[in-house]
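Asks: Sharing a structure here in structure tokens format.
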Amino acid sequence: MSVRSHTPPTLLGAVRPGCRELLCLLVITLAVSRGTSWVCPTACICATDIVSCTNKNLSKVPGNLFRLIKRLDLSYNRIGLLDSEWLPVSFIQLNTLIIRQNNITNVSTGSFATTPNLKCLDLSSNKLESVKSSVFHELKVLEVLLLYNNHISCLDPSAFGGLSQLQKLYLSGNFLTQFPVDLYVGRYKLAELVFLDVSYNRIPSLPIHQLSRVPGKQLRGLYLHGNPFVCDCSLYSLLIFWYHRHFSSVMDFKNDYTCHLGSDSRHSRQLLLIQESTMNCSDSIVNSSFHVLGFIHEAHVGERLIVNCDSKIGNGHMDFIWVSPDNRLLEPQKEVENFHVLYNGSLVIESPRLEDAGVYSCIAMNRQRLLNETVDITIHVSNFTVNRSHAHEAFNTAFTTLAACVASIVLVLLYLYLTPCPCNCKTKRQKAMLNQSHVHSSILSPGPASDNSAEDRKAGKRVVFLEPLKETAAGQNGKVRLFPSETVIAAEGILKSARVKSDSDSVNSVFSDTPFVAAN
């Protein structure tokens, strides 16, 4: 008879496999219960990892909150200041914090050091007047920030600089007078920002040239309605273009985009911006705006051109296909003549030709082929060499004309001021003119020399008889002929020695018998 010895089972071996997990769960529960005293505050409502303490007239956060909560709602209370000690404990798993409808006037640096894993922060409907730098820098994974319906009039460019994961920012219903372009360009730009609401602020204009460099996937979520815009053709072109691309920010609020003609928005006439018959903008201005936005490109013959496909869907995990004006498909890894498409969707035209001009369509699709967008881009091709020669010829013509005008003016000035005129020439010229005037008017017939007595010479008087010409000698062309028996006394000789002394020495009619008396 054999005796078998049985070793008693150990405690661990006695536990059935189904109860082992239960024991582990009990141990973990006891460890957690020792580290935390989880009691829901009387002013709050708790549901596992969600705590709501709304509308309880609280001026500070209750101190016995569970540290592992993921959502905390403190809205509709009297919390006025957020500093480094406004939260009693560190909430390392908190991802949603709601503090709307309080009396918050200031947010200090370090206010969110105890909530490093926040993804959604709601500070809307408070009394914030500015957002200073380094306020949100601890929130490295923040994705949604709500600051609407405050009194914010100033935004520090670096206020959101550390929010590299921020996707949505609500700033509507504030007092902003400038568009926060630093969110898109510059040192503190937010590359992941796809939604920005700055509606119903006090922004009069937009930086069109800087916005033209923003990708379409970010512009599609830009909400600008309700601002007192000044009517401008560039702004009109931008909004019309977004409307044609079916941006929801423009399509859904079409009637809320208005502008005013005068400087005072309160007393000037309001016009609808997204209405083609409202704004009197020429095609040239609209086209120049499209040049700025990158949807009209100028190319020169023989010069390489790269055209980007700016799709609002985004460039991550996207496929691109271009369609040429003659309906040829241009795809990556396939070169067609002088065309090829890069993996990022850009179209490269090597040595453009005049026949390459036209409207090109870029079709952007996600890998699942569920989303797609078509962007039309116009390309103009011009012959740079021909244009340059024409410009050179025009310059030469203008320069020649100007030189001729200057030379003419110089010659006229030389003729007027530098022509020599001696005194004797001037005297002879005056005598000739005087001779012609008197010879053509009358015939001077002096009396015989014997009749001129010495008494008349002494008296200084000389008698001259005037007779009309009755015969015309041949070959004299109608000029007067003097009597052959008489000596010609030139009119200039008489007048040279003549000197009017009184009214009695005046000349009577030349056809009367009354003698002509000339003073000696």
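The values are calculated or read from the model by the stated rules, or taken from the named source; none is laboratory data. Nothing here was measured: the structure is a model prediction, and the numbers come from that model. Cβ atoms come from the backbone with ideal geometry, glycine included; neighbour counts cover every protein chain shown. What goes into the accessible areas is simple: the full protein's heavy atoms, side chains included, and nothing from ligands, DNA or RNA. Shrake-Rupley method; radii C 1.70, N 1.55, O 1.52, S 1.80 Å.
Asks: Could you list, in sequence order, the residues of segment 176-185 that are surrounded by fewer than 21 Cβ atoms within 10 Å (Cβ to Cβ) and assigned to a loop (DSSP other than H, G, I, E, B)? Step through it out loud before you land on a result.
Replies: Filtering segment 176-185 down to residues surrounded by fewer than 21 Cβ atoms within 10 Å (Cβ to Cβ) leaves 176-178, 180-182, 185.
Correct list: 176, 177, 178, 180, 185.
Asks: Looking at this structure, is residue 173 under 24 Å from residue 257 (Cα atoms), out of contact with any helix residue (DSSP H, G or I) (no Cβ under 8 Å at 6 or more places or on another chain) and open to solvent by less than 10 Å² (accessible area, probe 1.4 Å)? Working first, answer last.
Replies: Values: under 24 Å from residue 257 (Cα atoms): yes; out of contact with any helix residue (DSSP H, G or I) (no Cβ under 8 Å at 6 or more places or on another chain): yes; open to solvent by less than 10 Å² (accessible area, probe 1.4 Å): no.
Here the answer is no, as residue 173 does not meet what is asked.
Asks: To continue, here is another question. Go over the candidates 243, 200, 223, 236 one by one and state the one that is aromatic (Phe, Trp, Tyr) and farther than 30 Å from residue 374 by Cβ.
Replies: Details: 243 fails: farther than 30 Å from residue 374 by Cβ; 223 fails: farther than 30 Å from residue 374 by Cβ; 236 fails: farther than 30 Å from residue 374 by Cβ.
That would be 200, the only listed residue that is aromatic (Phe, Trp, Tyr) and farther than 30 Å from residue 374 by Cβ.
Asks: May I pose another question? Which members of segment 127-153 meet the condition of being open to solvent by less than 10 Å² (accessible area, probe 1.4 Å) and not hydrophobic (A, V, I, L, M, F, W, C)?
Replies: 150
Asks: Okay, moving on. Return the residue satisfying two criteria in turn: it lies in segment 75-105 and is touching a Cys at 6+ places or on another chain (Cβ under 8 Å) and part of a loop (DSSP other than H, G, I, E, B), and of such residues it is most open to solvent (accessible area, probe 1.4 Å).
Replies: Residue satisfying both the conditions and the ranking: 95.
Asks: Collect the residues in segment 321-349 that are surrounded by 18 or more Cβ atoms within 10 Å (Cβ to Cβ) and touching a Pro at 6+ places or on another chain (Cβ under 7 Å), keeping them in residue-number order.
Replies: Matches in segment 321-349: 341 only.
Asks: Next question. With respect to residue 202, determine if the residue is in contact with a Ser or Thr (Cβ under 6 Å, 6 or more places away or on another chain), part of a loop (DSSP other than H, G, I, E, B) and surrounded by fewer than 18 Cβ atoms within 10 Å (Cβ to Cβ).
Replies: Values: in contact with a Ser or Thr (Cβ under 6 Å, 6 or more places away or on another chain): yes; part of a loop (DSSP other than H, G, I, E, B): yes; surrounded by fewer than 18 Cβ atoms within 10 Å (Cβ to Cβ): yes.
The answer is yes for residue 202.
Asks: Can you tell me which residue is surrounded by the most Cβ atoms within 10 Å (Cβ to Cβ) among those in segment 224-233 that are touching a helix residue (DSSP H, G or I) at 6+ places or on another chain (Cβ under 8 Å) and closer than 20 Å to residue 201 by Cα?
Replies: Filtering segment 224-233 down to residues touching a helix residue (DSSP H, G or I) at 6+ places or on another chain (Cβ under 8 Å) leaves 224-226, 229, 233.
If we keep only those that are closer than 20 Å to residue 201 by Cα too, we end up with 224-226, 229.
Details: 224: 26, 225: 22, 226: 17, 229: 22.
Among those residues, the one meeting the criterion is 224.
Asks: Only one of (1) buried (at least 18 other Cβ atoms within 10 Å of the Cβ); (2) at pLDDT 65 or above is not met by residue 317, so which one is it?
Replies: Among (1) buried (at least 18 other Cβ atoms within 10 Å of the Cβ); (2) at pLDDT 65 or above, the lone unmet condition for residue 317 is (1).
Asks: Looking at this structure, is residue 41 at pLDDT below 90 and in contact with a Gly (Cβ under 6 Å, 6 or more places away or on another chain)? Give the steps one after another, and end with the answer.
Replies: Working: at pLDDT below 90: yes; in contact with a Gly (Cβ under 6 Å, 6 or more places away or on another chain): no.
No: the conditions fail for residue 41.
Asks: Evaluate segment 214-223: report whether one residue or more is in a loop (DSSP other than H, G, I, E, B), open to solvent by less than 10 Å² (accessible area, probe 1.4 Å), at pLDDT 95 or above and more than 23 Å from residue 307 (Cα to Cα). Can you show your working first?
Replies: Narrowing segment 214-223 to residues in a loop (DSSP other than H, G, I, E, B): 214-215, 220-221.
Narrowing the set further to residues that are open to solvent by less than 10 Å² (accessible area, probe 1.4 Å) leaves 214, 221.
Then drop every residue that is not at pLDDT 95 or above, which leaves none.
No.
Asks: What is the residue count in segment 235-261 for residues that are buried (at least 19 other Cβ atoms within 10 Å of the Cβ) and in a helix (DSSP H, G or I)?
Replies: Adding up the residues that qualify gives 9.
Asks: While we're looking at this one, here's another question. Could you tell me whether any residue of segment 163-178 is β-branched (Val, Ile, Thr) and closer than 17 Å to residue 128 by Cα?
Replies: Filtering segment 163-178 for residues β-branched (Val, Ile, Thr) gives 177.
Going one step further and asking which of them are closer than 17 Å to residue 128 by Cα, we end up with 177.
Within segment 163-178 (the criterion being β-branched (Val, Ile, Thr) and closer than 17 Å to residue 128 by Cα), the answer is yes, since at least one residue qualifies.
Asks: Could you look through segment 315-339, keep only residues that are more than 30 Å from residue 191 (Cα to Cα) and not in a loop (DSSP other than H, G, I, E, B), and pick out the one that is nearest to the chain's Cα centre (by Cα)? Talk me through it step by step, then tell me what you get.
Replies: We begin by selecting, within segment 315-339, every residue more than 30 Å from residue 191 (Cα to Cα); these are 324-329, 334-339.
Those still in the list that are not in a loop (DSSP other than H, G, I, E, B) too: 329, 336, 339.
Values: 329: 35, 336: 37, 339: 32 Å.
Filtering first and then ranking leaves 339.
Asks: Quick one: what pairs do we get from segment 186-200, first residue farther than 11 Å from residue 160 by Cβ, second of a type in the set (A, V, I, L, M), C-beta under 6 Å, 6+ apart or different chains?
Replies: From segment 186-200, the pairs are 198/171.
Asks: Which of the residues spanning segment 340-389 are assigned to a helix (DSSP H, G or I) and at pLDDT 80 or above?
Replies: Of the residues in segment 340-389, the ones assigned to a helix (DSSP H, G or I) are 354-356, 384-389.
Listed by number, the residues that qualify are 354, 355, 356.
Asks: Report, by residue number, each residue of segment 50-68 that is open to solvent by 50 Å² or more (accessible area, probe 1.4 Å), under 15 Å from residue 91 (Cα atoms) and of a type outside the set (S, T, N, Q). I'd like the intermediate steps shown before the answer.
Replies: Initial filter on segment 50-68 (open to solvent by 50 Å² or more (accessible area, probe 1.4 Å)): 50, 55-57, 59-60, 63-64, 67-68.
In the following step, the residues that additionally are under 15 Å from residue 91 (Cα atoms) were identified as 50, 63-64, 67-68.
Hits for segment 50-68 are 50, 63, 67, 68.
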